[in-house]
C-alpha cells in the first residue's frame, strides 16, 4: 500500500514559516484535514507534498522514496492533486477533459482506450455530471468546473488524494455529497486523503486526523476528536470558538 510521510519538513513563504520539523505518517484508509487561517500556507504545503515545489528542509517520502528524486509520471500514478483554481488551456468537452486523468497510466503517444473512457464516464456519474459530458468546459459554471476537476482526479485513480479546498465553488448539496463519496471511497479502497478546509464543521464531519497550521512554523497533528475543542480552535483561528451539541455531534461557531 502507498504511504506518504514527511521527515523534519520545513516550508516557508518569504519570511513566513508554514511549518518546521514537521513529521507526518499518512496511512491508507485515513482522511486528514488541514486547518488554519487564510494565507497561512495550506496550499503551499499541499504543493510541497505533491513535489511541485521544494521544501526548505527535510523530506517528503512517497513509498519511502524522496519525492524530489522521482519522475513526475511515477508520482502522478500514485498521487493526485486537486488545485484550488484551474483554467482551460483550450476548449474541450467535459468527457475529453476528464479522460486526461488517465494520461499518467498510458504510454507516450498511446491513445486512450475504451476502458479509460469508461473510467471517465463512471467518474462523471459519481459527481453528477453525466448529462454535461459533451458540453465545452469553457461553458461551465465555477461549481461545475470543480466537479469536473474532482471527476478527473477520480479518473486518475491515485492512491493519495491531495485536495486544496475541495468544497470551493460548490453549493451545499455537492459539498456534502462529493466529500462523503471521496471519504467513503478512501476508507473502503484504502486510499489516503489530505485536504485543506476552511470549514471546521466539515473537518469534524469527515476527517479522522487533523493538522493545524498556525503561521509561525508551529503545527499540531493528531486525532480529530482530540484536536477539535474550543481551546485549540480559538487559538488556531485567533478568534473565540463556541461548541454546540447537536444530536450525536458538536457544531462549532464563532463566538
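Read-outs throughout are calculated quantities, based only on the coordinates presented, and are distinct from any laboratory measurement. All of these numbers come straight from a predicted model, not from anything done at the bench. So basically every Cβ, Gly included, is an ideal-geometry build from the backbone, and we count neighbours across all protein chains shown.
Taking Cα atoms, how many degrees apart are the long axis of helix 172-189 and the longest axis of the chain, rounded to 10 and kept between 0 and 90? So the helix axis and the longest Cα principal axis differ by about 90 degrees.
Where does each of 111, 32 land when they are ranked from fewest to most other beta-carbon atoms within 10 angstrom? Could you put the intermediate results ahead of the total?
Working: 111 6, 32 24.
Sorted ascending by nearby Cβ count, the order is 111, 32.
Between residue 110 and residue 136, the simple label model (points 7 Å from Cα in the Cβ direction) yields a spacing of 3.2 nm. Here region 129-190 and region 29-98 have alpha carbon centers that stand 16 Å from each other.
Would you order 1, 129 from fewest to most other beta-carbon atoms within 10 Å of each residue's own beta-carbon?
Working: 1 10, 129 20.
Exposure proxy ranking, most exposed first: 1, 129.
Placing a label point 7 Å from the Cα of residue 216 along the Cα-to-Cβ direction, the residues of region 23-39 whose backbone N falls under 15 Å from that point are 37. Modelled this way, with points 7 Å down the Cα-to-C-beta line, the labels at residue 73 and residue 12 are 3.7 nm from one another.
Sorting 147, 37, 191 by the number of Cβ atoms found within 10 Å of their own Cβ, with the fewest placed first, yields 37, 191, 147.
Restricting to Cα pairs below 8 Å that are 6+ residues apart, what does the relative contact order work out to for the chain? Please round to a whole percent.
Values: 489 pairs, mean separation 66.9, N = 255.
26 percent.
With a/c under 1.5 counting as rounded, go ahead and sort region 1-86 into rounded, prolate or oblate using the C-alpha gyration tensor (a ≥ b ≥ c being the square roots of the eigenvalues; past the cut-off, prolate if a/b is larger than b/c, else oblate). Taking the square roots of the gyration eigenvalues as a ≥ b ≥ c, region 1-86 is rounded. Based on the alpha-carbon gyration tensor of region 4-254 and its eigenvalue square roots a ≥ b ≥ c, which shape applies: rounded if a/c is under 1.5, prolate if not and a/b is larger than b/c, or oblate? Because a/c hits 1.5 or more and a/b fails to exceed b/c, region 4-254 counts as oblate.
Count the DSSP beta bridges whose two residues both fall in region 138-255, then state the antiparallel fraction as a percent rounded to the nearest 5.
Values: 11 of 16 bridges.
Counting DSSP beta bridges with both partners in region 138-255, the antiparallel share is about 70 percent.
Relative to the longest principal axis of the Cα atoms of the chain, the long axis of helix 142-156 makes an angle of roughly 80 degrees.
Report summary: the helix-based calculation at 222 nm, which adds -39500 (n - 2.57) for every DSSP H run with n ≥ 4 and divides by the residues of the chain, gives -9500 deg cm²/dmol. In the chain, the DSSP beta bridges split such that about 60 percent are antiparallel, to the nearest 5. FRET efficiency for the residue 229 to residue 93 pair, using the beta carbon distance and R₀ = 35 Å, is estimated at 0.15.
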